[in-house]
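Asker: Sharing a structure below in structure tokens format, with a few things to ask.
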Ligand SMILES: Nc1ncnc2c1ncn2[C@@H]1O[C@H](COP(=O)(O)OP(=O)(O)OP(=O)(O)O)[C@@H](O)[C@H]1O
Ligand SMILES: Nc1ncnc2c1ncn2[C@@H]1O[C@H](COP(=O)(O)OP(=O)(O)OP(=O)(O)O)[C@@H](O)[C@H]1O
Ligand SMILES: [Mg+2]
Ligand SMILES: [Mg+2]
């Protein structure tokens, strides 16, 4: 499992919104929103890679760049050894077949008037795949079996509203599997779903991944599901990765103060915490990506920041051993999380 | 401590063309002054319905059925007229932060204007006085007064949720129902909001009903936990009874096993196969029987009563009846 499937290098996405007339008249300058600001990582074949961070850290934008739904400002994306950063229409379509996206709200992505059979046939027809109708139906039945909607024949004739939340997410997953993708990008696929369905879906996605040898990019702000679900984690803050490594290592031995803060905020089902006001290592909200702090971009919220953190050039990812990388210049001095 | 709220045999049915959806079927619980009661359970088990029932504002075609009692501060509010409820109960004694309310702020009005409207709906006061009150309450939830002049899209999710919480506190209610107040927020903002709620509770001597499907979060917030399934209470116990040792109802046990843990790596997450039942024709006997892993014959024929197995700990499961 050490062959790289997807590699992004120094990926950036800077949005420059147009000024409104009023802003122009007021002599306003264009703002540059640095949503993704120099992100590099590789995902191995057969790996589940988690991208974690609070709201506004740039996770979805990174996912969209990888899906090629938006173009990067700079940087490269390599897939299966091929540079796919900028490709022609045919190549892009081929890439989108290999890299599929699972949406947060599976209901919204399905035509309510289509039976499940038609929901699943649609991508095959669009991509002109799997020969005649009988062969296509064969593929649909196989996909339903892959996501454990059995017996598959029974689900073919149902409409989306006749499915439970978990079954709907299974159908949405089957729909992405139909085209035999190599990789799935899942952006908060379970964050709005209640916990028993969430467990069901994560369990199913993991089984599918094992059975078919797929590669996943899993985007979330929920470290508890990431621990269960992923092999490696990258923690993102304000458009950059501040820590990256094996999931267990990141959660048991977090180095970066931001990762430590994310971990401290996670609720756990234990008694005796009701009367406690939780000590949160960081306060306030994430700064605007239109106004990124100097030096280490986390210094404005970091409990351990010194003047040097604000003035020195931004730290790059450093290797702490065991494939554990971090971007904290003071990592030797800051206390370990309890 | 006095009981601030007593709910007795509460039934709320949605009378649809296909039949009555028995969304709440004989629910009884109480709440003490200053206490937080958690309502948990899967989607559709009746959490929101319980909340709106207490405000006497079920969404149509819902109706509170005969025999239900909702006693707040010694008065049963079920027989009260709409006018009396609006004047003396809603927002004055009980208020609610609705599920998804932060995303329902009107995009074209300033926060100040929307808060003024909420205030005016419930109590007439001079504009100047109202503005002062709004500023005061923005302060209580950690927001600067300038927020009044901003539009919803100029606020982060956490800030919008603070605005909604401030609006629920204006008229000094005794009980605030919080329906999934942090579900759409990230973990850091969630933790900040939970801390804020705990502080507000002390400052204003409030009682809370805290609704969520997240059992881990409930552990950090609620003194007592009420686990609901298919419109009924499956288990009700103190925080220690539910989280300190193994809970008693198979449903609660399964829900806890389905909760991913940060500090423990597990290979598989248990999940409850199947889905909650149709509430127009719920299963005979125990409503959980189609999904339960340890049923007995009786579970399919007779509905288990909610019985007290130790002080403060109630369970509706035949296996717990000696
Ligand atoms: N099209 C756009 N134009 C301008 N700014 C944008 C655009 N898309 C995203 N942004 C900004 O970029 C930042 C990162 O957004 P992004 O959606 O990638 O964050 P995220 O980590 O996915 O957050 P969340 O957890 O809330 O989904 C945010 O500040 C967002 O407002
Ligand atoms: N206006 C309505 N008309 C008919 N049925 C309704 C109505 N509102 C709710 N229900 C039904 O009543 C039951 C309880 O719904 P409720 O919204 O209270 O669940 P909940 O526990 O809050 O779920 P969630 O976690 O999804 O918010 C569900 O079966 C639901 O479909
Ligand atoms: Mg996002
Ligand atoms: Mg609800």
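Asker: State whether the residues of the stretch A:32-50 include one that is over 30 Å from residue A:251 (Cα atoms), away from every other protein chain (no Cβ under 14 Å) and more than 16 Å from ligand 3 (Cβ to nearest atom).
Answerer: Yes, that holds for at least one residue.
Results for (1) at pLDDT 95 or above; (2) surrounded by 17 or more Cβ atoms within 10 Å (Cβ to Cβ), shown as yes or no for each residue.
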site	(1), (2)
B:260	no, yes
B:263	no, no
B:270	no, yes
B:273	no, no
B:304	yes, yes
B:307	yes, no
B:321	no, no
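Asker: Of the residues B:6, B:92, which is away from chain A (no Cβ under 14 Å), farther than 16 Å from residue B:228 by Cβ, part of a strand (DSSP E or B) and away from ligand 4 (no atom under 16 Å from the Cβ)?
Answerer: So the residue among B:6, B:92 that is away from chain A (no Cβ under 14 Å), farther than 16 Å from residue B:228 by Cβ, part of a strand (DSSP E or B) and away from ligand 4 (no atom under 16 Å from the Cβ) is B:6.
Asker: Could I ask something else about it? Within the stretch B:225-247, how many residues are more than 9 Å from chain A (Cβ to nearest Cβ) and surrounded by fewer than 22 Cβ atoms within 10 Å (Cβ to Cβ)?
Answerer: Residues that pass the stated criteria total 1.
Asker: Can you name the residue in the stretch B:162-184 that is within 16 Å of ligand 4 (Cβ to nearest atom) and within 14 Å of chain A (Cβ to nearest Cβ) and, of all such residues, is farthest from residue A:56 (Cα to Cα)?
Answerer: B:179
Asker: I would also like to ask the following. Going through the stretch A:142-172 one residue at a time, which ones are without any contact (Cβ under 8 Å) to a residue 24 or more places away in the chain and away from every other protein chain (no Cβ under 12 Å)?
Answerer: As a first pass, look at the stretch A:142-172 and keep what is without any contact (Cβ under 8 Å) to a residue 24 or more places away in the chain: A:142, A:145, A:150-154, A:162, A:167.
Residues satisfying the conditions are A:142, A:145, A:150, A:151, A:152, A:153, A:154.
Asker: Continuing with the same structure: Take the residues in the stretch A:289-313 that are out of contact with any helix residue (DSSP H, G or I) (no Cβ under 6 Å at 6 or more places or on another chain) and touching a residue at least 60 places away in the same chain (Cβ under 8 Å), then tell me which one is nearest to residue B:186 (Cα to Cα).
Answerer: Filtering the stretch A:289-313 for residues out of contact with any helix residue (DSSP H, G or I) (no Cβ under 6 Å at 6 or more places or on another chain) gives A:289-293, A:297, A:300-301, A:303, A:305-313.
After this cut, where a residue has to be touching a residue at least 60 places away in the same chain (Cβ under 8 Å) as well, the list is A:289-290, A:292, A:297.
Details: A:289: 17, A:290: 21, A:292: 20, A:297: 20 Å.
Looking at residues that are out of contact with any helix residue (DSSP H, G or I) (no Cβ under 6 Å at 6 or more places or on another chain) and touching a residue at least 60 places away in the same chain (Cβ under 8 Å), I get A:289.
Asker: Any idea how many residues of the stretch A:186-198 are more than 16 Å from ligand 2 (Cβ to nearest atom) and either buried (at least 24 other Cβ atoms within 10 Å of the Cβ) or facing another protein chain (nearest Cβ under 8 Å) (or both)?
Answerer: 2
Asker: Just to be sure I understand, how many residues within the stretch A:242-273 are touching a strand residue (DSSP E or B) at 6+ places or on another chain (Cβ under 9 Å), at the interface with chain B (Cβ under 10 Å from one of its Cβ atoms) and surrounded by fewer than 19 Cβ atoms within 10 Å (Cβ to Cβ)?
Answerer: 1
Asker: Restricting to the stretch A:205-227, count the residues that are part of a loop (DSSP other than H, G, I, E, B) and in contact with a helix residue (DSSP H, G or I) (Cβ under 9 Å, 6 or more places away or on another chain). Step through it out loud before you land on a result.
Answerer: Filtering the stretch A:205-227 for residues part of a loop (DSSP other than H, G, I, E, B) gives A:213-214, A:221-222.
Still in the list and also in contact with a helix residue (DSSP H, G or I) (Cβ under 9 Å, 6 or more places away or on another chain): A:214, A:221-222.
The qualifying residues number 3.
Asker: Please specify each residue of the stretch A:228-284 satisfying the condition of being under 21 Å from the mean Cα position of the chain (by Cα) and in a loop (DSSP other than H, G, I, E, B).
Answerer: Listed by number, the residues that qualify are A:230, A:231, A:238, A:239, A:254, A:256, A:266.
Asker: While we're here: What's the total number of residues in the stretch A:129-151 that are surrounded by 15 or more Cβ atoms within 10 Å (Cβ to Cβ) and at pLDDT 90 or above?
Answerer: 7
Condition check ((1) surrounded by fewer than 16 Cβ atoms within 10 Å (Cβ to Cβ); (2) within 14 Å of another protein chain (Cβ to nearest Cβ); (3) away from ligand 2 (no atom under 12 Å from the Cβ); (4) under 17 Å from the mean Cα position of the chain (by Cα)) across all residues:
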| site | (1), (2), (3), (4) |
| --- | --- |
| B:42 | no, yes, no, yes |
| B:49 | no, no, no, yes |
| B:57 | yes, no, no, yes |
| B:60 | yes, no, no, no |
| B:85 | no, no, yes, no |
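Asker: For the stretch A:6-18, check the following and say yes or no: at least one residue is touching a residue at least 60 places away in the same chain (Cβ under 8 Å), within 14 Å of another protein chain (Cβ to nearest Cβ), crowded, with 20+ Cβ neighbours inside 10 Å and more than 16 Å from ligand 1 (Cβ to nearest atom). Write out each step before concluding.
Answerer: Of the stretch A:6-18, the ones touching a residue at least 60 places away in the same chain (Cβ under 8 Å) are A:6-13.
Filter again for within 14 Å of another protein chain (Cβ to nearest Cβ), leaving none.
So far as the stretch A:6-18 goes, no, none of its residues is touching a residue at least 60 places away in the same chain (Cβ under 8 Å), within 14 Å of another protein chain (Cβ to nearest Cβ), crowded, with 20+ Cβ neighbours inside 10 Å and more than 16 Å from ligand 1 (Cβ to nearest atom).
The values are calculated or read from the model by the stated rules, or taken from the named source; none is laboratory data. As the structure is a computational prediction, the values presented were derived from the model and not from experiment. Because the Cβ atoms are built from the backbone with ideal geometry, glycine has one as well, and the counts that use them run over all protein chains shown.
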